Amino acid sequence: MRHKRELVFVCTGSDCKKAGAKGMKKKLKEDFKSGPLKGKCKLIQTKCMDMCKSAPVVIVGDHFCKKTDADRVFAQIKKRLD
């Protein structure tokens, strides 16, 4: 079954926060509320995903984005929506 929206899980554990997850989450949230991705994605904040050496970690659908930034997450989302 396909979801209406793409699920995006952002780890906000301590190591991910130190690696920039908080700023990335803010940027993703802003872009999900306006622009071409409006209504197509659901941002979900999680506790530690136990991948601290790969911080920050984001899961898009079933793909793990390790040591990532907002631009790579957007690229993965667009790939999944196409």
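Descriptive notes on the structure:
- Considering the conditions (1) surrounded by fewer than 16 Cβ atoms within 10 Å (Cβ to Cβ); (2) touching a Phe, Trp or Tyr at 6+ places or on another chain (Cβ under 8 Å); (3) of a type in the set (Asp, Glu), ASP31 is excluded by exactly one of them, (1).
- Neighbours by Cβ (under 7 Å, 6+ apart or cross-chain): first from segment 68-81, more than 16 Å from GLY39 (Cα to Cα); second part of a helix (DSSP H, G or I): ASP69/MET24; ALA70/MET24; ALA70/LYS27; ALA70/LEU28; VAL73/LEU28
- Test result for LYS53, over 11 Å from the mean Cα position of the chain (by Cα) and under 15 Å from LEU81 (Cα atoms): no
- Picking from residues in segment 33-57 that are of a type in the set (A, V, I, L, M, F, W, C) and in contact with a Leu (Cβ under 7 Å, 6 or more places away or on another chain), the one that is nearest to PHE74 (Cα to Cα) is LEU43.
- Within segment 1-14, the set of residues being surrounded by fewer than 18 Cβ atoms within 10 Å (Cβ to Cβ) and over 17 Å from VAL60 (Cβ atoms) comprises MET1, SER14.
- For segment 14-54, a residue qualifies if it is of a type in the set (Gly, Ala, Ser), under 15 Å from CYS65 (Cα atoms) and not in a helix (DSSP H, G or I), and the qualifying residues are ALA19, GLY20.
Only the coordinates and a few stated rules stand behind these numbers; no lab work does. Just so we're clear, the structure is a prediction, and the values are computed from it rather than from any experiment. Cβ atoms come from the backbone with ideal geometry, glycine included; neighbour counts cover every protein chain shown.
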